[in-house]
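Asker: Attaching a single structure in structure tokens format; questions to follow.
Just so you know, all these numbers are worked out from the coordinates, no wet-lab data involved. Because the structure is a prediction, the values reported are computed rather than measured. For neighbour counting, all protein chains shown are included, and Cβ atoms are generated from backbone atoms with ideal geometry for every residue, glycine included.
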Amino acid sequence: MISDKPSQLVPKRRFPEYMQSRGWYHAKVSDLVKTVTPPKKLSTSNYLEDGRFPIIDQSQSFICGWTNDDEAVIQKPLPVIVFGDHTCVLKFVSQPFAQGADGIKIFTADERVSTEYLYHQLNHRPVMMEEYKRHFSTLKEKVVCFPDPKFGEQQKIADCLGSLDNLIAAEGRKLEILRQHKQGLVWRLFPLPGETQPRLRFPEFRDCPDWKSGHCRDIAKVLPGYGFPEKFQGNKKGQYPFYKVSDISRAIERGHRVISEANNYIDPDVLQKIRAKPVPAGTIIFAKIGEAIRSNRRVVTSTPAVIDNNTAGVKAIRMKILDEFLFYLWSNVSLIDHAGGVVPAVSKSALEDVPLCYPSDIEEQKHIADCLSELDTRISAQMAKIEAHWTHKRGLMQQLFPSLEGQ
């Protein structure tokens, strides 16, 4: 229930024109929203690559597909908030759209809170995902704070945070363009599957011999990970960083090609007990089992490191191939194509048998690696720029919304 009287709860920062305004109200989400039932739900088999209306589901991507089916479109009320019941993803939608499959809740705010303002409040203190369960019941119990809608403070806050969202979205589009440009270059600078020659070579190498065809074992060593008993899972101060698949994913998400931070470290005496060896600095490490194989995520170790038994590494053989070139060559390999078993996994022998094509001229390798490395540097800088905007927004929300301890 909502009290008729405002509380003493106020944010740390208010816009000057509202400094003397009364305290804010607070209420549970369930008291402030009305759910919206879509006229129809579209299955993934009905998604189009292009169409008149976007399809929105609970995935991280804002739009998951398109449709021309007028009968499936939510035309009003708009705007609405879309909540991923399993993923906890929040989306603010102000245009007609269709619901994709199951797993989302659609709702709009009542007259006491603007829908856009509520969206930002919910983003300030989001529901945390707990495995694969439904979370809307948790969201409905969340308490939100809001000023009196009659005086415009809600809209002022929504406009401020919305402008930051627009800036973040614009920088995100620049990031996507850079990624697409890099992927287009990779497709041209390396042979396509089933082919042995690239479609694009730098002018100074067009008269050089064709690329060599071989296997991973010809140019690189495959290095295994190790299974550690629970008592040897590492500590915070050991000599060698200990990397798992989750560490690889975390480094990639931060825009790092080289991995240098670890949650745990392993001491040499532990390695001796289980007869394990660290991989050398400059080793390309990656997932070798499970669905993580499909992501093709690769990072390079900055120092000698230990990897667990769900990961593996490859290290260039000196004089045959450059470490930097091998990174991009190996990143272009789809390991799922070489996996077997009910749970997909690639064995050491399967990794050694991966067919690879490469130029014998070290200078050509260097040109390709330098070109893609420069793009990676720009991509990392763009990711850092976006993260800085997110950090600014999170700090601003802490100032613009009152603190609700224990909620």
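Asker: Near Phe205, within a Cβ-to-Cβ distance under 10 Å, what is the net charge of the other residues, with Lys and Arg +1 and Asp and Glu -1?
Answerer: The answer is -3.
Asker: In a Debye calculation with equal point scatterers on the alpha-carbon sites of region 147-247 and no solvent, what is log10 I(q)/I(0) at q = 0.09, 0.19, 0.22 Å⁻¹?
Answerer: -0.66, -1.03, -1.15
Asker: Ratio of alpha-carbon Rg to the 2.2 N^0.38 Å globular estimate for region 1-85, to two decimals, please.
Answerer: 1.64
Asker: Treating only the Cβ atoms of Lys and Arg (+1) and Asp and Glu (-1) as charged, compute the dipole magnitude of region 156-291 about its Cα centre; round to the nearest 20 debye.
Answerer: 280
Asker: How many percent of Cα pairs in the chain exceed 29 Å?
Answerer: So the portion of pairs separated by more than 29 Å is 59 percent.
Asker: With only alpha-carbon pairs counted, each pair once and no self-pairs, how large is the Kirkwood hydrodynamic radius of region 121-161 in angstroms?
Answerer: For region 121-161, inverting the mean 1/r across all distinct Cα pairs yields 12.2 Å.
Asker: Hey, another quick one. DSSP loop (so not H, G, I, E, B), at most 14 other Cβ within 10 Å: list which GluC sites (Glu not before Pro) in region 208-289 pass both filters.
Answerer: Glu261
Asker: Moving on. Just going by the charge dipole of region 124-250, with Lys and Arg at +1 and Asp and Glu at -1 on Cβ, which of Val222, Gln197, Leu178 is farthest out on the positive end?
Answerer: It is Val222.
Asker: Mean 1/r over all different Cα pairs, inverted: what Kirkwood radius does region 68-124 give, in Å?
Answerer: 12.0
Asker: Note down the nm distance, to one decimal, between modelled labels 7 Å out along Cα→Cβ at Cys371 and at Asp353.
Answerer: 3.3
Asker: Now a separate question. Please compute the contact order of the chain in relative form: average sequence separation of alpha-carbon pairs under 8 Å and at least six residues apart, divided by the residue count, as a percent.
Answerer: 15
Asker: Also: For the pairs Lys76/Lys142; Lys288/Lys393; Lys34/Lys156; Lys34/Lys133; Lys140/Lys288, flag any whose C-alpha to C-alpha distance is greater than 32 Å.
Answerer: Lys288/Lys393; Lys140/Lys288
Asker: Once you have a ≥ b ≥ c as the square roots of the Cα gyration tensor eigenvalues for region 39-100, tell me rounded if a/c is under 1.5, and otherwise prolate or oblate according to whether a/b is larger than b/c.
Answerer: In terms of gyration-tensor shape, oblate.
Asker: How do the peptides 237-248, 140-151, 8-19 rank, highest first, by the average count of neighbouring beta carbon atoms within 10 Å per residue?
Answerer: Those peptides, ordered most packed to least, come out 237-248, 140-151, 8-19.
Asker: Once you wrap a convex hull around the alpha carbon atoms of region 324-399, what is its projected area averaged over all directions, in nm²?
Answerer: For region 324-399, the mean projected area of the Cα convex hull comes to 8.3 nm².
Asker: Something else now. Pick out, from Gly100, Trp24, Ser334, the residue whose Cα sits farthest towards the positive end of the charge dipole of the chain, with +1 on the Cβ of Lys and Arg and -1 on the Cβ of Asp and Glu.
Answerer: The listed residue farthest towards the positive side: Trp24.
Asker: Right, next: Counting only C-alpha contacts under 8 Å and six or more residues apart, can you give the relative contact order of region 98-196 as a whole percent?
Answerer: 26
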